[in-house]
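Notes for the one structure printed next.
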Amino acid sequence: MRLIPLILLLSILAPAFADEAGTPGEEPMADKPKVSVRFIYNFTKSLEDTRHFYSDLLGMEEMAFKPEWNYLCYKFGDLEFMFFGAKGELAPPTEYADQPGWMGGTLETTSWSVEVHEADFGKTVERLKAGGVPTLSAKPEWRVDSYWGFTVLDPSGYTVEVYTIPKQKPASKEWSD
């Protein structure tokens, strides 16, 4: 009798997982394999400064911090965003990266954006400014008529766009503290 509810549950859930894992027993397509990005590796000049920036100032939740392994990790869904302390001299970028959506960066290099919940965005910006983080502008900017963005450099010189998408467009396109 217990198998019937389990079979019913599996038949309901199976379509939801089909896009992710394919149909059970189905062979992957030979011409286009199913792949997923699971790990992104970054190097940093200072694991402790990087941890302070991402954990304390941005408020990201750590998955692991292992100083004895020279390792710091944040997890987002199935993606692990890792930092390792550089063993040698790390040449940080000297300017902001060029990213779509805002003007100011010119360096063609890797960068990323971090979404912050609308209710936490203002406090996050204040923590970054109070923490002495280099910023592209003095205050958040209204970008591509759809979101507030505040661009900063992390301790290793990587460009990080901190942004929020408000539920409603603001009446003014000027940020007010």
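The values are calculated or read from the model by the stated rules, or taken from the named source; none is laboratory data. The structure presented is a predicted model; accordingly, all values stated were derived computationally and were not measured. A quick note on method: Cβ atoms are made from the backbone with ideal geometry, for glycine too, and the neighbour counts reach across all protein chains shown.
Numbers below:
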quantity: Residue check for residue 79: farther than 16 Å from residue 157 by Cβ, in contact (Cβ under 8 Å) with a residue 40 or more places away in the chain and not polar (S, T, N, Q); calculated: yes
quantity: Scan of the range 82-103 for residues that are at pLDDT 95 or above and within 26 Å of residue 121 (Cβ to Cβ), ordered by number; calculated: 82, 83
quantity: Residue in the range 50-61 that is acidic (Asp, Glu), at pLDDT below 95 and surrounded by 13 or more Cβ atoms within 10 Å (Cβ to Cβ) present; calculated: no
quantity: Residue within the range 70-77 that is of a type outside the set (Val, Ile, Thr), modelled with pLDDT of 90 or more, part of a loop (DSSP other than H, G, I, E, B) and under 30 Å from residue 161 (Cβ atoms) present; calculated: yes
quantity: Residue within the range 19-28 that is at pLDDT 90 or above and either over 25 Å from residue 163 (Cα atoms) or in a helix (DSSP H, G or I) (or both) present; calculated: no
quantity: Strands (runs of 3 or more DSSP E) enclosed by the range 90-177 - at least 3 residues per element that are surrounded by 16 or more Cβ atoms within 10 Å (Cβ to Cβ) and touching a residue at least 60 places away in the same chain (Cβ under 8 Å); calculated: 159-164
quantity: Failed criterion for residue 156 (all others in (1) of a type in the set (S, T, N, Q); (2) more than 16 Å from the chain's Cα centre (by Cα); (3) within 20 Å of residue 40 (Cα to Cα) hold); calculated: (2)
quantity: Cβ-Cβ under 6 Å pairs, at least 6 apart or on other chains, the range 47-66 side closer than 17 Å to residue 160 by Cβ, far side of a type in the set (Lys, Arg) and not in a loop (DSSP other than H, G, I, E, B); calculated: 57/127
quantity: When residues of the range 116-132 are limited to those that are under 16 Å from the mean Cα position of the chain (by Cα) and of a type in the set (Asp, Glu), the one farthest from residue 166 (Cα to Cα); calculated: 120
